[in-house]
1. Among (1) outside any strand (DSSP E or B); (2) modelled with pLDDT of 90 or more, which single condition is B:Ile215 missing?
2. Pairs only if they're at least six apart or on different chains, beta carbon under 6 angstrom, first in segment A:287-302 and assigned by TED's automatic domain parsing to the domain that holds A:Leu325 and surrounded by 12 or more Cβ atoms within 10 Å (Cβ to Cβ), second in a strand (DSSP E or B) and not polar (S, T, N, Q); list them, first residue then second.
3. What's the total number of residues in segment B:38-66 that are of a type in the set (Gly, Ala, Ser) and either touching a residue at least 40 places away in the same chain (Cβ under 8 Å) or in a helix (DSSP H, G or I) (or both)?
4. Looking only at residues that are among the aliphatic types (A, V, I, L, M) and within 10 Å of chain B (Cβ to nearest Cβ) in segment A:55-93, which one is surrounded by the fewest Cβ atoms within 10 Å (Cβ to Cβ)?
5. Give the residues of segment B:37-51 that are at pLDDT 85 or above and facing chain A (nearest Cβ under 8 Å), sorted by residue number.
6. So which residues in segment A:240-287 are hydrophobic (A, V, I, L, M, F, W, C), more than 26 Å from the chain's Cα centre (by Cα) and part of a loop (DSSP other than H, G, I, E, B)?
7. Can you give me the number of residues within segment B:1-21 that are assigned to a loop (DSSP other than H, G, I, E, B) and away from chain A (no Cβ under 11 Å)?
Amino acid sequence: MSNQSQSAGFTTWLLLFKYELLTGLRTAAWRGIALAALLYGLSLGHVDGTGCGVTALDAGETGCRLFALVTAVWMSLAAVRDTATRTRVIVQSRPQRSETLASLRFTGAFVQALGLLAALFVGAALARIIGGSGLLQVGAFVPQFIRASGVCLFSAALSFALASLSESPIAGLLGGLYSLLVLAGKEYLARLYDPAPVQNLSAYVAVSLFILMLTMRFSAARRRGSSPPPLLAVPGALLSLAAAILLFTNIARSGHDPHIRLNPTLELMAAQDTQAGARAAGFLFPDQHGNPTSLADYPGKVLVIALLSPHDVDTGSMLTALNALQKKYGARGVQVVGVCLSEDNSAAPALAIGEGLVFPLVTDWGTSSVPEKLAMSPLAGAYRATALPSVAVTDRRRRIIDIVRGASVTDGRSVTDLVEQALKAEPNWQ
Amino acid sequence: MSILSTLVDPTSGTAIIDGNDVRHKKHEIRQLLGFLPQDFGLYPVLTAYETLDYMALLCSLHDPIARRERIEGLLARMNLTAVKDRPVGGFSGGMRQRVGLAQALLNSPKLLIVDEPTAGLDPEERIRVRSLLAELSGERVILLSTHLIEDVQAVADRVGILHKGRLRYVGDIPGMLATVQGKVWEIEARPEELNELRGKYLETGLLRAGNLLKIRVAADRVDHPKVRSIEPNLEDAYIWLMREPEATAS
């Protein structure tokens with residue numbers, strides 16, 4: 001094929017894509033859902049404080065769960081649109097590759113679904129800007145939007161494939177049902193089966209591409225004798241399947257999930273036992289910038305080790321209090337180290353950027369959603385964190401002075417008292 | 001129609017269009033085919049121009065200037081220029097049918113297949129669509145499926161009559177009329193005779209004339225005191241051929 005005809009073909013594809021987009025964007029259904037998403041986003045951003053981290057995470061979670069379901073419904077309907085609008089015959093009798101038709105329909109509908117997701121994030125970001133957040137902090141929404149888009153891509157591919165191959169939107173809703181099962185079944189499903197954690201996303205994007213390639217291949221077969229044969233579908237399916245297997249294997253081998261694999265490093269962390277007077281349990285986790293961080297990086301400092309869940313309602317105010325503590329006492333040798341217990345590796349960076357943190361917030365990648373609090377992460381077990389947040393304050397030799405747990409942490413006063421106590425006992429810091 | 005338009009595979013046999021077998025050369029056939037199905041929809045949110053542009057792109061009409069000229073020409077021909085920027089969702093049945101006809105003509109097809117194009121239209125739109133088909137028939141082969149004899153009279157050079165999958169007749173219109181020449185009669189009868197006459201002869205029409213009925217029948221011979229032979233029309237021929245057990249080919 002000459003460069004000129006390739007270019008003409010691509011231009012044609014773009015113009016067709018424009019019409020695919022318009023068929024959805026001009027409907028009352030899309031506009032109604034977009035408005036509802038915008039209002040929901042505004043309501044998410046209506047929280048105390050001036051940071052964006054908690055709202056960004058909430059928007060990300062909503063995108064990964066609720067909007068994955070919305071996407072599944074939207075894509076299922078888009079897949080059977082030609083049957084519903086009775087346009088199937090005049091479209092299918094055109095001399096156009098089946099894979100082009102399938103890819104256009106998918107891309108158009110998926111971008112429409114992304115538009116709905118964007119409305120949610122725009123609403124949430126607007127609310128935070130009105131609440132006083134700076135533009136840098138609003139940046140926390142971007143990675144969460146990308147994460148939610150990835151989950152929606154998986155939901156879209158699954159539901160589109162099922163609906164278009166069975167010619168029934170109900171089959172496509174199984175894609176949405178999958179998302180709900182993951183949401184409801186976190187206690188018994190391994191992390192690998194959940195597309196929402198950012199570390200799983202690349203594997204699920206590969207799976208999505210594999211599903212799409214299969215859909216394109218089989219849509220050509222269903223159209224009966226479409227010639228010339230599909231170009232991308234078969235090699236694309238093989239490549240994406242290989243990538244998905246490789247990525248899933250890597251996640252299973254390097255992760256820590258009681259359902260799949262225990263990690264020796266994390267088991268060593270779990271073997272420590274931290275209580276008042278004992279040495280604070282050590283760890284080596286990546287901070288918000290991806291730099292490996294451990295307590296040994298802060299020799300001779302009074303340490304404030306805060307174990308927190310990004311999903312607690314008071315996380316925002318607690319981080320604000322800890323940030324103020326770091327700013328006030330940092331020069332006197334006090335170091336706050338946050339440990340974010342989340343199955344999703346994007347949570348800590350989102351909180352750190354969104355809340356403008358001046359202390360390291362590391363991701364405890366050993367976290368897994370299980371009913372028993374002590375087992376939710378090996379490190380949490382070591383700190384006997386029966387409730388979150390839990391804040392341990394040490395002296396300059398890393399010995400635990402006390403651990404404050406639960407709601408009393410939130411106002412920061414009891415933690416400040418412990419810090420004052422440590423500084424009074426050992427005021428000099430080198 | 002579905003087999004010819006490459007949407008369904010034949011269970012047996014085949015059809016060849018311009019040297020292309022429908023079983024193996026679907027892509028080639030789609031390139032030379034225009035198809036207006038009986039039951040079709042349009043994307044309601046797209047305007048008439050956008051609908052045709054979308055369909056033209058699906059036909060791989062890459063050149064934007066040629067595409068625009070083609071669409072504008074067809075809109076003018078279908079008398080849709082004034083409404084080209086209105087969403088087709090608000091169009092009447094006849095306007096939608098004309099958009100459907102325009103989309104079938106976008107790729108200047110050698111073969112235009114139209115399935116019941118005037119079904120469900122009001123008389124004015126029916127005449128308009130029929131006239132368009134008559135106009136187009138000079139430029140290409142049109143395969144028109146219809147139950148309306150007026151459509152056939154207006155457009156067709158050759159007629160095929162299918163009944164339960166069997167071809168009853170293939171030929172031109174004079175040939176079709178010839179099959180029933182000398183076999184069409186008008187009987188002037190009292191209303192109470194109607195049932196008896198219906199049992200004996202093939203009725204092709206009925207008119208009331210005062211207290212009497214003028215019954216039009218097709219038969220080799222009619223035995224009635226008030227009967228006269230009349231000139232057959234296509235409806236007579238159609239009903240006669242549908243009755244005949246064997247195909248009549250010319």
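1. (1)
2. A:Asp287/A:Val362; A:Gln288/A:Leu361; A:Thr293/A:Val362; A:Ser294/A:Leu284; A:Val302/A:Val334
3. Residues of segment B:38-66 of a type in the set (Gly, Ala, Ser): B:41, B:48, B:56, B:60, B:66.
Cutting the leftovers down to either touching a residue at least 40 places away in the same chain (Cβ under 8 Å) or in a helix (DSSP H, G or I) (or both) gives us B:48, B:56, B:66.
Adding up the residues that qualify gives 3.
4. Within segment A:55-93, the match that is surrounded by the fewest Cβ atoms within 10 Å (Cβ to Cβ) is A:Ala84.
5. B:Pro37, B:Phe40, B:Gly41, B:Leu42, B:Tyr43, B:Pro44, B:Val45, B:Leu46, B:Glu50
6. Selection gives A:Ala271, A:Ala276, A:Ala278, A:Ala280, A:Ala281.
7. Residues meeting the conditions: 7.
Results for (1) closer than 30 Å to A:Ala352 by Cβ; (2) of a type outside the set (S, T, N, Q); (3) outside the structural domain of A:Ser208 (by TED's automatic domain parsing), shown as yes or no for each residue.
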{"residue": "A:Thr83", "(1), (2), (3)": "no, no, no"}
{"residue": "A:Arg97", "(1), (2), (3)": "no, yes, no"}
{"residue": "A:Gly115", "(1), (2), (3)": "yes, yes, no"}
{"residue": "A:Ala119", "(1), (2), (3)": "yes, yes, no"}
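The values are calculated or read from the model by the stated rules, or taken from the named source; none is laboratory data. This structure is a prediction, so every number in the text was calculated from the model and none was measured. Note that each Cβ is placed from the backbone with ideal geometry, even for glycine, and that neighbours are counted across all protein chains shown.
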